[in-house]
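**Q** Handing you this structure, nothing more for now.
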Amino acid sequence: MAAPLTLLLLVAVTVRAALFRSSLSELISERVEVVSPLTAWKRVIEGLALLDLGVSPYSGDVFHETPLTIYLFHFLVDYAEVTFMVSVAGSSVVVTYLILFQFRKQKFALEADRYPLDCLELIRSPKEMYYIPLKVAMFYLLNPFTILSCVAKSTCGLNNAIIALFILSTIKGNVLLSAIFLSLATYQSIYPLTLCAPALLYLMQRQYIPVNFRRASFWWFIVQYAFMYLGSLFVIICLSFFLLGSWDYLPSVYGFILSVPDLTPNIGLFWYFFAEMFEHFRLFFLCVFQINVFFYTIPLSIKLKEHPVFLIFMQLAVISIFKSYPTVGDISLYMAFLPVWSHLHRFLRNIFLVSCVLLACSALFPVLWHLWIYAGSANSNFYYAITLLFNVAQILLVSDYFYAFLRREHHLTYGLYLKRKDGSEATLVLK
Amino acid sequence: MGLLSDPNRRRALISLLTRLNTPICIVCYMAGVAWFMGLAFEPFTLRTYMSENAMGSTMVEERFPAGERALATGREFSAHKKRTGGMPVEWLMKTMQAKGLEVFTQRFSRTLPFPDENKERYMVRGTNVYGILRAPRAPRTEALVLSAPCSPGDNNNQAVGLLLGLAEYFRNQIYWAKDIIFLVNEHDLIGMQAWLEGYHHTNTTGMDWSPLQGRGGSIQAALSLELSSDIITSLDLVLEGLNGQLPNLDLANLFYAFCQKIGVLCTIQGKLQRNDWDSVSGYSHAVQTMMLMVMKQASGRPWGDHGLFLRYHIEAATIKGVNSFRQYKTDATTIGRLLEGMYRKLNNLLERLHQSYFFYLMPSLSHFVSIGYYMPAFGLLAVILLLRALDLWVQLSTPPQRTEDGVTDIEPVRGTHFKTVADLLSLLTPLVISHLTGVALYMLPIRFQEMAVEHFPVSETEAVVLTAIAVYTAGLALPHNTHRLLSGEGTEQGWRVLKLVAVLYLAVLLGCTALINFSLGFILALTLVPVAAFVTPHVPKVLSAFILVILSPACTLLFSVFFFQELQEMPISFQDGWLLFLSVISQGILDHSLYGSLVYPLITLLVYPCWLLFWNILFWN
């Protein structure tokens, strides 16, 4: 396992290093699909310059990174490329080990003979599972989205690394580290807050605490976790305050994420709606859009109570689709998990359609951008149409995986070849 | 969403699509071609109308009186041009200053990558002269441009004369709200490129030019004038610009409206408009006009000096005076009045021209086909690719028969894994080799010209073109099928996967091309889609190889050359056609390196490798 992984890392680093040195890197770092106002490297540089001049980096409306990031880059600015490569490589290795660990556990499921006999082909053999971590690493390291995001030095790579560390520590069962990394991820971009639900479910499953509202142990565990989470969040926020000496960063980072003042086109759904909207509806729709990101946590955690790891995947996907400034870097994180669910492929229905649409949209983004901004012959509607299609395809992809997961669960309980009462073969219909 | 979720209906639809795949594909292809041919039929097109309110009614009164004097100035210009043997910069500056303009010059020089044999130039050195008429009525934030090229020989002297005449007349009017820039550019497009880059402070092609000393506001619209005789019979409007970009349709409407008002014969693609659309000859006339526009647009080169303005978001067109010995004559005063009227209308603009269409085809000057009408023709062709891809996907995802029942041993699992690696390699090798061939085709012709000239008795231009053809042909002979070394023999699975990838690649590629340059996308789709649809390793080799070569991008270009000549009613012999084909290739390469035209890199780096993939599938076993 180590040798192919090293080879993969070498290839990935070579590709990135070559792109960093080529003239393409400048072009890529300007693309709106790759960098958002939150993660653009250009803005980090601006913030660093202001910091060096002794001005608050948040004066003006350019810099929207968190204080810890800017102090990190204060020391690492000369090694930025290396930092990004390390963060990407690191997160892929982390995810790989995480999947390895996860599967060692799943093998027990193989021995459990609580499933009907004809379901054996639904359960993965160890041989199949052996290559999955490598595939995950490949999906993350060689995904063009990740490469673009890394070459553009989008700080999204760092956020992804933090989230990967959070998932690893959760799955290892380390409650304290899990809470700390979750608070770091929340501190970076708010939305990972919703990941606390799968983390709690997973940790409780590990410690055999039943998810029951009447049990004291349940509440006690939640209080413990919340205390650790809020405590570390408090520490990080105060640390930021002491580093900067002001609370400037709160409105400039979190206000910026939540109230979406920057309507630069991106691959998300916010910019066009809010550019077209009458001003007095703005607050209402802002609330609707933001609640939308968080809302799915509740139904999903109820439905996937038993499968927190799949819940993490769903949450990551929902965040990267509905967040206010999404970039392709966010998408690449949840796409890295796709090989983990390779056992669901026989139940996927629209995978061909969806992958065609995703492929076509990725090619059309730059073309329509060119027609709109440079040639002046198309307009924003063309670009937004593609954005919309891209997001619909992502939603279809995620819901397809969700459906396939539920269907596999159904078959695991009721047998693979369903029979109607009269003995003929039955089919499952989703209505 | 019933289709997406109900398995029974899905299965029915998919089985229908796979069973009837070939007939549906053939019907789609026919329908696409028929739709396209139908576009020229007048009842299916829209009448042009002025969308821009600011230019709505023709309420300006044209009073330009001095056509004869302008022609005299033109003759004087011609005499000075002959004396200096190039652009008479001193004289032009003096004359423009005398008319009361702010006059500036710009020097530029450019060495072409290889000699241009059509225009006989290699090291180009020249000067642009331009005069700015400052707007008396408004802050000088916007400008209009009138340009005339200073061509070698006796061409276009009248255009420069008329430009100077108009400058003098415009200077005395008080209603100008936009600066008007009168530009005389040397070495046609190269000079225009230098001037535009200087004006906008960009340098995209590595040309040397001196910075501009004087500047007006942001340019809203531009017209380029080409007149070569004192009396003309009709005016021709040229719209096609760099990379097939077109100006806003309102500019064409404006021209048409004034031609109607003043009573000048106007043509597009050199074709007069006819009223007998219901007769066969009338319809074929409209088809010819539209096809000429399609061919010109597909070439991606600027067909007049206006072509480079479009890149800077400036609506521009070229107006050409034609003297074709018709009865109906127009003198310079009338043309002056027409231009005066157009500039007064453009002067009224409150915003950039944006109301009307940017994507259109014109079967005649008074009718147009918008993007909503012509895109289905392309869509019908593109859907063939998607249907084939779906068919392949279904074939790939349903294994022929399942022998082992449920229980999977370790041996087959390892076997399948090995197989996927081999499959991946057999997929990657052709992809990589085809693209490397494409890169070679893109880089080698210009790099190798010196070596080729040393060793072979050819000129530089010939060396470039012949190297390109040699690399192109060598690409066909390359051993793409390295998978035979890896796994002995190409598998059924292998070519299906490769074809799926190639078909999707082609679909995305053609879709993107058609959005930027519909005509190019459509012509490529017309030839490449049948190839993509029918090719498998099991069809008769020799015949299919022949068809594949006939439908390859280079042969498409060769046919287009003959077809274009045919459309222009100037049929040529095969010998001349071949020479023209060679010169078209060299022009394409030059357009890319001089003005940044995208057609050459598109064909060499993407379309050709994609076609090679299909070539590869044919010789899979």
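The values are calculated or read from the model by the stated rules, or taken from the named source; none is laboratory data. Note that the coordinates shown come from a computational prediction; the quantities given were computed from them, not determined experimentally. Please note: Cβ atoms are built from the backbone with ideal geometry, for glycine as well, and neighbour counts cover all protein chains shown. Calculation scope for accessible area: heavy atoms of the full protein, side chains included, ligands and nucleic acids excluded. Shrake-Rupley method; radii C 1.70, N 1.55, O 1.52, S 1.80 Å.
**Q** Determine the calculated [θ] at 222 nm for chain B from helices alone, applying -39500 (n - 2.57) to every DSSP H run no shorter than 4 residues and normalising by the residue count; nearest 500 deg cm²/dmol.
**A** Mean residue ellipticity at 222 nm (helix-derived): -18000 deg cm²/dmol.
**Q** In chain A, which whole DSSP H runs stretch at least 20 Å along their own axis (Cα) and average 0.0 or higher on the Kyte-Doolittle scale?
**A** A:2-21, A:80-111, A:156-172, A:175-189, A:216-244, A:308-322, A:351-369, A:380-414
**Q** Same structure again: For the protein assembly as shown, with equal point scatterers placed on the C-alpha atoms only and solvent neglected, what are the log10 I(q)/I(0) values from the Debye formula at q = 0.04 1/Å, to two decimals?
**A** Results for the protein assembly as shown at q = 0.04 Å⁻¹ read -0.25.
**Q** Between their Cα atoms, which of B:K296/B:K345; B:K81/B:K119; B:K81/B:K329; B:K261/B:K345; B:K271/B:K296; A:K135/A:K305 are more than 22 Å away from each other?
**A** Correct reply: B:K296/B:K345; B:K81/B:K329; A:K135/A:K305.
**Q** Straight-line reach from B:K82: which aspartates and glutamates have Cα under 16 Å away, leaving out those fewer than 8 places along the same chain?
**A** Counting by Cα, and skipping residues close in sequence, B:K82 has these aspartates and glutamates nearby: B:E90, B:D154, B:E186.
**Q** Any idea which of B:G304, B:S426, B:S370 is furthest toward the positive side of the dipole for the protein assembly as shown, if Lys and Arg beta-carbons carry +1 and Asp and Glu beta-carbons -1?
**A** Working it through, the farthest residue towards the positive pole turns out to be B:S426.
**Q** Charges at C-beta only: +1 for Lys and Arg, -1 for Asp and Glu. How large is the resulting dipole of region B:181-280 about its Cα centre, in Debye rounded to 20?
**A** 260 debye
**Q** Another one. Rank these by accessible area, largest first, 1.4 Å probe: B:R19, B:R311.
**A** Solvent-accessible surface, decreasing: B:R19, B:R311.
**Q** Something else about it: On average, how much area does the Cα convex hull of region B:423-619 cover when viewed from any direction, in nm²?
**A** Its Cα hull, projected and averaged over all orientations, spans 12.4 nm².
**Q** A further question follows. State the cysteines of chain B left without a partner when partners are defined as other cysteines whose beta carbon lies under 4.7 Å away.
**A** Taking the Cβ cut-off of 4.7 Å, the unpaired cysteines of chain B are B:C25, B:C28, B:C150, B:C512, B:C555, B:C610.
**Q** Summing both sides, how much accessible area is buried between B and A? Use a 1.4 Å probe and give Å² to the nearest 100.
**A** So the buried area, both faces added, is about 2400 Å².
**Q** Roughly how far apart, in whole Å, are the Cα centres of region A:186-206 and region B:432-478?
**A** 59 Å
**Q** What ranking of A:F145, A:F274, A:F382, B:F325 comes out by heavy-atom accessible area, probe 1.4 Å, highest first?
**A** Solvent-accessible surface, decreasing: B:F325, A:F382, A:F145, A:F274.
**Q** Rank B:I550, B:V539, B:L594 by how far each Cα sits towards the positive end of the charge dipole of the protein assembly as shown (+1 on Lys, Arg Cβ; -1 on Asp, Glu Cβ) and give me just the farthest.
**A** Result: B:V539, furthest along the dipole toward the positive end.
**Q** Obtain the nm distance between the two label points defined at B:A98 and A:L142 by a simple spin-label model: each point lies 7 Å from its Cα along the Cα-to-C-beta direction.
**A** Here the answer is 7.4 nm between the modelled labels.
**Q** While we're on this one: Can you list the aspartates and glutamates whose alpha carbon is less than 17 Å from that of B:K499, not counting same-chain residues fewer than 8 positions off?
**A** Here the aspartates and glutamates satisfying the reach criterion relative to B:K499 are B:D391, B:D423, B:E489.
**Q** Could you report the accessible area of B:M55 in Å², rounded to 10, computed with a 1.4 Å probe on the protein chains as they sit in the structure?
**A** Accessible surface of B:M55 is approximately 0 Å².
**Q** Please give the contour-minus-distance gain from B:Q213 to B:Y328: 0.36 nm per residue of separation, less the Cα-Cα distance, rounded to one decimal in nm.
**A** Result: 37.0 nm gained on full extension.
**Q** Just to confirm, what accessible area per residue do you get for the protein assembly as shown at 1.4 Å probe, in whole Å²?
**A** On a per-residue basis, 44 Å².
**Q** As a test of the definition: which semi-axes, in Å, follow for region B:56-365 when you take the square root of five times each eigenvalue of its alpha carbon gyration tensor? Largest first, please.
**A** Three semi-axes, in Å: 28, 23, 20.
**Q** About the Cα centre of chain B, what is the dipole size in debye to 20, counting +1 per Lys and Arg Cβ and -1 per Asp and Glu Cβ, all else neutral?
**A** 840 debye
**Q** Quick check: the angle from helix B:188-200's long axis to the longest principal axis of chain B, C-alpha only, nearest 10 degrees?
**A** 90 degrees
**Q** Okay, moving on. Looking at chain B, send over the antiparallel percent of its DSSP beta bridges, to the nearest 5.
**A** Close to 55 percent.
**Q** With every protein chain left in place, what is the accessible area of B:R352 in Å² (1.4 Å probe, nearest 10)?
**A** 80 Å²
**Q** Give the percent of DSSP beta bridges with both residues in region B:56-365 that are antiparallel, rounded to the nearest 5.
**A** So the antiparallel bridges in region B:56-365 amount to around 50 percent.
**Q** Between B:I335, B:Y357, B:S78, whose Cα lies farthest towards the positive end of the dipole of region B:56-365 when Lys and Arg beta carbons carry +1 and Asp and Glu beta carbons carry -1, centred on the Cα centre?
**A** B:S78
**Q** Can you list residues from other chains, or at least 5 along the same chain, whose modelled amide H is less than 5 Å from the amide H of B:G270?
**A** So B:G270 has HN proximity to B:L237.
**Q** Testing the spin-label approximation: label points 7 Å from Cα along Cα→Cβ at A:F213 and B:T204. State their distance in nm.
**A** 6.3 nm
**Q** Still on this structure, please answer the following. Students sometimes get this wrong: rank B:E240, A:E30, B:E454 by accessible area, probe 1.4 Å, all chains present, largest first.
**A** B:E454, A:E30, B:E240
**Q** Provide the percentage of antiparallel DSSP beta bridges, counting only those with both residues in the protein assembly as shown; round to the nearest 5.
**A** Within the protein assembly as shown, antiparallel bridges account for around 55 percent of the total.
**Q** Ignoring ligands and nucleic acids, what accessible area does A:F405 show with a 1.4 Å probe (Å², nearest 10)?
**A** Only protein atoms counted, so the area is about 10 Å².
**Q** Sum -39500 (n - 2.57) across every DSSP H segment of at least 4 residues in chain A, then divide by the residue count to get the 222 nm mean residue ellipticity, nearest 500.
**A** Taken over chain A, the calculation gives -21500 deg cm²/dmol.
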